[in-house]
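What follows is a short report on a single structure.
The values are calculated or read from the model by the stated rules, or taken from the named source; none is laboratory data. Source: prediction; values computed, not measured. Neighbour counts are summed over all protein chains in view; Cβ atoms, including those assigned to glycine, are modelled from backbone coordinates with ideal geometry.
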């Protein structure tokens, strides 16, 4: 009796939440589709005008929007699955294995799509009945489309082909793919080098030795040149008496006396620091 009452409450809450989700999903999907059409038209115009590189730069943002729209479609699909299985979910206390992916994906999406607040109400209903362990059964495609932010070059070019075909644009995709392929560009440059007979120099670090003759070498000294200075000589004395006046006469020199008893001044010569008598003729 109690389980039946809880089952009816669970069923009513699921129906109400899914109904509000579908109403909001309809508006969001229409808005997303209009945005995608605008982006595709813009890329088609770029391809028509020959601006392939600009169109390629916008492909990542376009693929992200396409993936988000695909996630909205998956949410709508899993909501429809819950409505179909609601009678079975109401009777069983545990989630049936065939409905685990739908329940787990809707719980996972509630935290990642803020423009769908009704998903939070549905998540509360599921976690109250089944617990938080249901998040382990999330759809892998749903996870990949939300996680991917950058994409392979082949995927971008293929989408550009589809857009050109959709908008009837005459675009040479093979030529563009060849130009954007780095391996193809390298092979083409090597082939052109062989045809012209000019081979590129190997990108090996080589050391070039320059041989110079001895006569070509000029040594420039960094030391300042020594300037030749003139020898400084002392000034020669002028009017110098060769015999010192105040020098006393050595004891070995005996002065002569005149007849009147006065001494006779006798010349003394000094040589090598000693006094000697002048030589007599």
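The table below lists the values:
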quantity: From 150, 168, residue being under 19 Å from residue 39 (Cβ atoms), at pLDDT 90 or above and surrounded by fewer than 15 Cβ atoms within 10 Å (Cβ to Cβ); calculated: 168
quantity: Selection from region 134-145 of residues that are touching a helix residue (DSSP H, G or I) at 6+ places or on another chain (Cβ under 6 Å) and touching a residue at least 40 places away in the same chain (Cβ under 8 Å); calculated: 139, 142, 145
quantity: Top-ranked residue in region 110-136 [being in a helix (DSSP H, G or I) and under 19 Å from residue 70 (Cβ atoms); ranked as farthest from the chain's Cα centre (by Cα)]; calculated: 119
quantity: Test: residue 140 is on the phi < 0 side of the Ramachandran plot and surrounded by 17 or more Cβ atoms within 10 Å (Cβ to Cβ); calculated: no
quantity: Test: residue in region 89-106 that is under 20 Å from residue 30 (Cα atoms) and either free of Cβ contacts under 8 Å to residues at least 60 places away in the same chain or under 43 Å from the mean Cα position of the chain (by Cα) (or both); calculated: no
quantity: The lone exception for residue 30 - which of (1) assigned to a helix (DSSP H, G or I); (2) within 27 Å of residue 150 (Cβ to Cβ) it fails; calculated: (2)
quantity: Residue list for region 32-82, restricted to those being loosely packed, with under 14 Cβ neighbours inside 10 Å, in contact (Cβ under 8 Å) with a residue 40 or more places away in the chain and over 36 Å from the mean Cα position of the chain (by Cα); calculated: 73
quantity: Search result, residues across region 141-180 that are over 21 Å from residue 65 (Cβ atoms) and assigned to a helix (DSSP H, G or I); calculated: 173, 174, 175, 176, 177, 178, 179, 180
